[in-house]
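Structure first, then comments.
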Amino acid sequence: MPDKAIPIPGSFRELAELLMSLDNLLVSCMRCGLCQAVCPVYGSTMREADVTRGKIALLENLAHEIIKDPVSVNDRLNRCLLCGSCQSNCPSGVNIMEIFIKARSFVAGYLGLGVIKRLIFRHLLPHPRLFNLATSLSGIFQKPFISRVNKSIGTYRAAILKPFLGERHIPSFPDKSFTARHGTIDKPAGKSGLKVALFPGCVPDKLFDRLSEATLKVLDYHGVGVFTPKDLVCCGIPSLASGDSKGFLRLTSQNLKELGQKQFDYLVTPCATCAANIKENWPRFMDNYSAAEKEAVAALTPKTMDITQFLVSVLKVEFKPAEPAEGAATVTYHDSCHLKKSLGVAAQPRSIIKSLPNYRLVEMPEADRCCGNGGSFNLFHYDLSKDIGKRKRDNIVSVRPDIVATGCPACLMQLMDMLSQSGDQIPVKHVIEMYADSLPGLAA
Ligand code: SF4
Ligand code: SF4
């Protein structure tokens, strides 16, 4: 466990002092407003308070604002997808994600966590067996409660869960998660001479297990050894996005302990959000780790990557552009924010798609505009999430694809929901499953 907790304000005075510690990060903002044009939330609401500049102004007046209405301050901070579009477009290099994440952590620490979030972040996510049991039971008992709404996309509606899920069109749970099916995976390096830790992440483990299976199949095919401890837990991004830095640190510590059992050359994942979180946020809280954890995080960060980046940039698989075969399916590619803006991965998944003769890649307008999922943002601001997602859906259908591809399971879920609710018959796939499908059957 960390030897020093993230500061959690016990009084308003302590909160004000912690927020003042953000001043150094805030000063470089010159109020140019360039972040406005790229902010999906602002694009939907057209409210200055929703854009980065508005939030920075809020933080500067926070001491005053928080006396007036602490809950509304928290809500305004949370009206953000943490998509990073503003940061990647900021000419002053303002470390916007650091400011937002720390501010959320300080304010949520002061206000406390709600009961549901506390139950999920502190009592479900850190317990892999309980989490696997809960999702397996959902997989087994969901059938009478869900009805299929779109066969091509594979979405369902759960009328009984309407109070929680609203009108969402959702995928169904598999009977078993990837980790429950395989237990600990420990395969030696093959012809590549490399061994990786495969970090499935919650969604590709428990919901889209086919993505983890596809990743395993691809790694097997290329002779890459794999280590996946069965008790890996969530990467911590849901806790962190809700300001629960204590919960986040607990998950990070647990993952470091699990991963520390074996040697590996790289950590790869089919989840862009997990990769970005491990690379950017695990080191962000370095002061809070024990000496051994600090060392482990410092060693892990540079070798953490998205699976398509690993294939192209490390393994040097030659993805030569192929002439699309007759009857090839038209595919358009959505850039996940965490993949493109946080990790700088945009060319690699495209080069894989272009190498597959069964597909013809057609670019959609605004391919790198956020889809509006944002994890917990989708749960707590669904109307806004849906409004942002509608623009993405319109961009997709404008190029009349047979399939949409992406590199992040959270985007996959949002695109499925948006397309399905509009009655479109366009399946959504992760690039790694498209590639795995093109390979001869091995491990899957
Ligand atoms: S783009 Fe950067 S410098 Fe300009 S207003 Fe936004 S955060 Fe401030
Ligand atoms: S992280 Fe995304 S949603 Fe949040 S302020 Fe920046 S651009 Fe807007």
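Only one of VAL233, VAL224 is over 21 Å from LYS294 (Cα atoms) and touching a residue at least 12 places away in the same chain (Cβ under 8 Å). Can you tell me which? I'd like the intermediate steps shown before the answer.
Values: VAL233 fails: over 21 Å from LYS294 (Cα atoms).
Going through VAL233, VAL224 in turn, just one is over 21 Å from LYS294 (Cα atoms) and touching a residue at least 12 places away in the same chain (Cβ under 8 Å): VAL224.
What number goes with the only condition from (1) in a loop (DSSP other than H, G, I, E, B); (2) of a type outside the set (S, T, N, Q); (3) closer than 18 Å to ALA275 by Cβ; (4) out of contact with any Cys (no Cβ under 8 Å at 6 or more places or on another chain) that PRO200 does not pass?
For PRO200, the exception is condition (4).
Taking only segment 297-341 into account, find how many residues are under 24 Å from TYR266 (Cα atoms) and either part of a helix (DSSP H, G or I) or in the same structural domain as ASN358 (by TED's automatic domain parsing) (or both). Can you show your working first?
The first filter runs over segment 297-341 and keeps only residues under 24 Å from TYR266 (Cα atoms), leaving 297-319, 335-341.
With either part of a helix (DSSP H, G or I) or in the same structural domain as ASN358 (by TED's automatic domain parsing) (or both) added as a condition, the list becomes 297-303, 307-314, 335-341.
So the count comes out to 22.
Looking at (1) at pLDDT below 80; (2) closer than 23 Å to HIS381 by Cα; (3) not basic (Lys, Arg), find the lone condition where GLY54 falls short.
(1)
Report, by residue number, each residue of segment 136-154 that is crowded, with 20+ Cβ neighbours inside 10 Å and out of contact with any strand residue (DSSP E or B) (no Cβ under 7 Å at 6 or more places or on another chain). Before the answer, list the steps.
Taking segment 136-154 and keeping what is crowded, with 20+ Cβ neighbours inside 10 Å, we get 150, 153.
The one that is crowded, with 20+ Cβ neighbours inside 10 Å and out of contact with any strand residue (DSSP E or B) (no Cβ under 7 Å at 6 or more places or on another chain): ASN150.
Report yes if some residue within segment 45-56 is assigned to a helix (DSSP H, G or I), within 11 Å of ligand 1 (Cβ to nearest atom) and in contact with a Ser or Thr (Cβ under 7 Å, 6 or more places away or on another chain); otherwise report no.
no
For CYS86, which of the numbered conditions (1) modelled with pLDDT under 90; (2) within 19 Å of the chain's Cα centre (by Cα); (3) within 13 Å of ligand 1 (Cβ to nearest atom) fails to hold?
Failed condition: (1).
Given the criterion within 16 Å of GLY374 (Cβ to Cβ), free of Cβ contacts under 8 Å to residues at least 60 places away in the same chain, surrounded by 16 or more Cβ atoms within 10 Å (Cβ to Cβ) and away from ligand 1 (no atom under 14 Å from the Cβ), identify the matching residue among ARG104, ARG76. Don't jump to the end; show me each part of the working.
Details: ARG104 fails: free of Cβ contacts under 8 Å to residues at least 60 places away in the same chain.
Every option except ARG76 fails the conditions.
Within the set of pairs 6 or more residues apart or between chains, which connect a residue that is assigned to a helix (DSSP H, G or I) inside segment 18-32 to a residue that is more than 13 Å from ligand 1 (Cβ to nearest atom) and modelled with pLDDT under 80 with Cβ atoms less than 8 Å apart?
These pairs meet every condition: LEU18/PRO7; LEU18/PRO9; LEU19/LEU62; LEU19/ALA63.
Taking segment 29-44 as the region of interest, how many residues are farther than 12 Å from SER85 by Cα and within 7 Å of ligand 1 (Cβ to nearest atom)?
5
The values are calculated or read from the model by the stated rules, or taken from the named source; none is laboratory data. In this text the structure is predicted, and so the values were computed from the model without any measurement. A quick note on method: Cβ atoms are made from the backbone with ideal geometry, for glycine too, and the neighbour counts reach across all protein chains shown.
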